[in-house]
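Notes to accompany the following structure.
The numbers here are math on the coordinates, done by the rules we state, and not lab data. Remember, predicted model here, so these are calculated numbers, not experimental data. When we count neighbours, we look across all protein chains shown, and the Cβ atoms used for this are built from the backbone with ideal geometry, even at glycine.
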Amino acid sequence: MKIDEEPMKNESIFAAKGCDFASLGLHPALCDQLRDRMGFEAPTLVQAQAIPLILSGKHVLVNAPTGTGKTITYLAPLIHQLQNYPNRIQRADGTFALVIVPTHELCMQVYETLHKLLHRFHWIVPGYIMGGENRSKEKARLRKGISVLVATPGRLLDHLKHTSSFIHKNLRWIIFDEADRILELGFGKEIEEILDILGSRPHVSETKDAPEFVRQNLLLSATLNDKVNHLANISLENPVMIGLDDTKIQPSHKQVTSLDNAIQKLQNSQEVPVTSTAEYKLPPQLSQRYVKVPCGSRLVVLLSVLKNLFTGEASQKIVVFFSTCDAVDFHHALISQFHGLSNLQSATETRELFVKCNILRLHGNMKHEDRVKAFNAFKTEKSALLLSTDVSARGLDFPKVRCIIQYDSPGEATEYVHRVGRTARLGEKGDSLLFLQPIEVDYLEELKKHGVILTEYPLVKLLDGFPSKHHRHKKFVTLEMHPWVLDVQKSLESFIFSEAKIKKLAQNAFCSWVRAYSAHRGELKSIFMVKKLHLGHVAKSFALKEQPSLVGRSVQKKHTEKRKRTHKVKEGIKKKIKMHNYKGE
Ligand SMILES: Nc1ncnc2c1ncn2[C@@H]1O[C@H](COP(=O)(O)OP(=O)(O)OP(=O)(O)O)[C@@H](O)[C@H]1O
C-alpha cells in the first residue's frame, strides 16, 4: 500500500481564507501562541465554527471528523475566558475547568497541548490526574490548586471523594472529550457520581467579585450520536450543536433534568434509541479497504502485509489493533523474534527477522511507566509498528501514521471510525485495512449503515509476490492452500512449538480472543458468532498445532455440547432417511 508523501491540504479541514484566530475573538497573546508556539497559521473549520459559540457561554456539542483540531477548539476559548477575569485567578481559587478524557494517554496528550498554550499565561495552572500516577503527588498538586484539570473518570472520582483539599467551588466548565465514549460505554456510573458531587447545575461563585457565571458544558467527539444528543437536550439549557444532523436530534424537553439524571436514563437506555444509525464523517483523503481471510490463514496474511509494508517503505508508522491485551503481547513477542523461513533461505542467507521494524506495544494491562514510554516512543519515532488494543483507538495524535490495520474487528462502528482516525489527520493521506473472516463479511453492511464504505484489498496479488520454494507447483484453490501461506504457516507453527514462552503467550491469546469474540453486543452478535467459529482454525491463527484446552469452560462446554447436539440431529436425520428409503416410500 503506497502512500503519496505529499499531504493533501483539504479545504474542508481549514476555515475560509482570511479567517484567523483573532477574528474568532481570541486574545492577541493567545493568537500569537497558537501561531508562534504551535505553528497554526489559521483555524480549522471546526475551530472557526465552534470557538465563537463557546466564547458566548452556550453549551456546545461538537461532532467533527477525527484529526480536525477539536482539542484546540475547546482549550483556546477556555484559556481566553480564564485570562479575561478582571482579577487574575489564583491557585487558591482551585479548579475552574475540568477536561474529562477516557484514557491515560489522551490525558497526557491534552495536558501537553494545554501546557504549551498557557506559556504566556503563567498564572493559570494546568494539571492532570489519572490512573497509574502517584496519588499522593496528585493530592499535593490539588491542594496547591489546579486551574485547568485534565482527568480520567476513575481517578477524578477518587479525588472528589477522598481529597478534601480539592477545591472546585469555582468550577465553570466541564468538557467531555470523546463524549460518546465517556457518557455511554463503561464510564457512565462514574460520570453520574462525579456530576452528583460537582452538581451539573449552575451555581453562584464564591470567588470575591468574580463575574457571575453559569456552568458551561462542552461535549466533543467524531462520533457524537443521537443518544448523546438526546442526553444533552434533556439536561442542558438550549445547547448548540455543531456538525450534527439537527433533524435527528430529539426535541428539547421543557423541564430540563440534571446531567447526571440524564446520564442515568442513558445508562438504562430508557427513552433513547438503542442503536445509533448516525452517519459518520470520515476524512475524505482516507482510503479504506478490507481483506477477507479464512481464520486459519489470518496470521500469515497479517505478517505478509506487514512484511510488504516495511520492505516497500522502510520508514513507516503503522498501528495494528487487536481485541485483547494477550493478543498484543503474543503478536509483539512473535514479530520481535520470528525470523525468515529457514526452509526458504539458503544456509548462507543471514537469518533476518520476517518483519523488520521497530516494534512497540501498548495496552491497559501494562505498567504505567511502560505505557508512557511506548506512547512517547511512537509519537517521536520516524518509523515504527505499534501493536495496541483500543486504548489507542481514540484521540491520540501520533504524527505521520500512514496505515491502520484492524486485525480484530472493532465491534461498534464508532470504534471503527476512531481507530482509522489515527491516520489521515488534518488533510494528510492515510490507509486503513480491516481483516474479516468470510463468516464476518456482513460487518461491511453494518458499516455501510453509517456511511462507511470499504473496497477489497488485492490479497492474492500480494501473496503471489512472495517467493515460495516448496509447494510452488501446487495449484491452489483456496487461500489456505496458497504455496506461500502453506510455507509460512508451517514455519510459524514449528517456531511456536519450539518456543515454550511464546507458545504460552499464544495459548493465553487464544483463550482471551475467544472470550472477547463472544462479548460482542447487540446486533453485532449476529455477525461475530462464536458458534460459527472453527476453534481449530482459531488455534491456527495463533500458530498453535492443537486447540488449547484452556478455553473458558463456558465457551468450550457450550460449543462442544452444541456440536454434540448437531451431531445427534444429523445422525437422527440419516436414520430417518435410511428408514424412509428402506420402506421404499
Ligand atoms: N488550526 C490548526 N492548524 C494546524 N494544525 C492544527 C490546528 N489545530 C489543530 N492542529 C493539529 O491537528 C492535529 C489534530 O488535532 P486534534 O488531535 O485536536 O484532532 P481531533 O479532532 O481532536 O482528533 P480526534 O477526533 O482523533 O481526537 C494535531 O496535531 C493538532 O496539533
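Structure above, values below:
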read-out: Ascending count of other beta-carbon atoms within 10 Å, so fewest first, for Cys325, Cys107; value: Cys325, Cys107
read-out: Relative exposure of Trp123, Trp173, judged by other C-beta atoms within 10 Å (fewest first); value: Trp123, Trp173
read-out: Cleavage-rule hits (GluC sites (Glu not before Pro)) in the stretch 348-428: DSSP loop, at most 16 neighbouring Cβ within 10 angstrom; value: Glu349, Glu352
read-out: Residue (of Ala413, Ser383, Gly395) at the positive-pole extreme of the stretch 346-438, dipole from beta-carbon charges; value: Ser383
read-out: Charge sum, other residues only, whose C-beta stays under 10 Å from Val101's C-beta, Lys/Arg counted +1 and Asp/Glu -1; value: -1
read-out: Pairs from Lys17/Lys281; Lys281/Lys382; Lys116/Lys356 whose Cα-Cα separation, in the structure shown, is over 31 Å; value: Lys116/Lys356
